[in-house]
Amino acid sequence: MGQTKVKTIGIFDSGIGGFSILKEIHQIAPQLNVFYVADEQYAPYGEKKKSEIIERSKLIVDELLKQSVDLIVVACNTATAMAIDELRKCYSIPFVGVEPFVNALSKLEWQSDDKACVITTELMSTSARFQGLKDRYDSDKKLDYFVTKNLAALIEKFYADQDEQSLERSLVSEFSFLDTKSYTHIILGCTHYPLIGQQISKVTGLETLSPCSFVADRVFDLLKDDLVKNSSPKSSFQFSKTNGPFPLCFVSKGFAQLP
């Protein structure tokens, strides 16, 4: 077998949500070098205007291109909905986005009594891209849709203070809208949400569905000519937060430090 080439990807999100995708990517392509940007200075994206998210995304992409990345993952549902089409027009580098797993209806073997709901950020819920997903995969309206306005912020807080009891109390309140509903599955429409998938399942009693593994598979497919699946040559993880002026300062971290 020939020597595996080392490829480099960029990943950005408004915070740590993209780590849910990074974990999946690292499992199937551990040889990748990664530059990750957490845009905490501008979080949460779900409360921003489309024009602001596009402008911010371009700033971050410009920074990632300075690192000679081969591909960029827009690891945020809201940024994908608001900005990825514009990014693809402006840059020649491949982009991989993430969207709520509405197409779970076509990918999973549903039982007759299965019923699912989708949770998203507010901005994602009103985006044209999301409406297109619903029209394409849920034309007969099998799914119900809800906005969880505070959930991403709660997850960022939890990973800062590690207060499991506080998180659980907050989740009980956040998911009170499900008290009178009867679902079997909940589709996680923000990359932050899978980071606490187990806690969400515990509070709601529902099975969670996430698109993260499919995003990782797409990254692998785009780079597979230069990768060997599950091989593990030395790779690096560089991380930066936008808590200061551009240009960004990347620091080395270990993959074991991911949430």
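Considering Gly10, Gly15, which residue is closer than 17 Å to Ser240 by Cα and at pLDDT below 95?
Step by step, each of Gly10, Gly15 is checked, and only Gly15 is closer than 17 Å to Ser240 by Cα and at pLDDT below 95.
Restricting attention to segment 112-140, which residues are under 16 Å from His185 (Cβ atoms) and without any contact (Cβ under 8 Å) to a residue 40 or more places away in the chain?
Those that are under 16 Å from His185 (Cβ atoms) and without any contact (Cβ under 8 Å) to a residue 40 or more places away in the chain: Ser112, Tyr137, Asp138.
Could you check segment 122-132 and list, in sequence order, the residues that are in a helix (DSSP H, G or I) and among the hydroxyl-bearing types (Ser, Thr, Tyr)?
Ser125
Filter segment 86-121 down to the residues that are more than 20 Å from Cys212 (Cα to Cα) and in a helix (DSSP H, G or I) and list them by number.
Within segment 86-121, Glu86, Leu87, Arg88, Lys89, Cys90 qualify.
Among the residues of segment 178-211, which ones are of a type outside the set (Ser, Thr, Tyr), touching a strand residue (DSSP E or B) at 6+ places or on another chain (Cβ under 6 Å) and farther than 26 Å from Val74 by Cβ?
If the condition is that a residue be of a type outside the set (Ser, Thr, Tyr), touching a strand residue (DSSP E or B) at 6+ places or on another chain (Cβ under 6 Å) and farther than 26 Å from Val74 by Cβ, then Leu206, Glu207 are the ones that fit.
For residues in segment 30-41 being at pLDDT 90 or above and closer than 13 Å to Leu223 by Cα, which is surrounded by the fewest Cβ atoms within 10 Å (Cβ to Cβ)?
Asn33
Starting from segment 207-224, keep only residues that are touching a residue at least 12 places away in the same chain (Cβ under 8 Å), then list their pairs with residues that are basic (Lys, Arg) whose Cβ atoms are within a distance under 8 Å, requiring at least 6 positions of separation or different chains.
Short answer, once both residue conditions are applied: Cys212/Lys23; Phe220/Lys229; Leu223/Lys7.
Can you find even one residue in segment 152-171 that is aromatic (Phe, Trp, Tyr) and under 20 Å from Val102 (Cα atoms)?
Within segment 152-171 (the criterion being aromatic (Phe, Trp, Tyr) and under 20 Å from Val102 (Cα atoms)), the answer is no, since none of the residues qualifies.
For Lys58, only one of the following conditions fails: (1) touching a His at 6+ places or on another chain (Cβ under 8 Å); (2) modelled with pLDDT of 95 or more. What is its number?
(1)
Within segment 141-162, how many residues are in contact (Cβ under 8 Å) with a residue 24 or more places away in the chain and over 20 Å from the mean Cα position of the chain (by Cα)?
Selection size over segment 141-162: 3.
The values are calculated or read from the model by the stated rules, or taken from the named source; none is laboratory data. Since the structure is predicted, the reported quantities are computational estimates derived from the model, not experimental observations. Backbone-built Cβ (ideal geometry, glycine too); neighbour counts: all protein chains shown.
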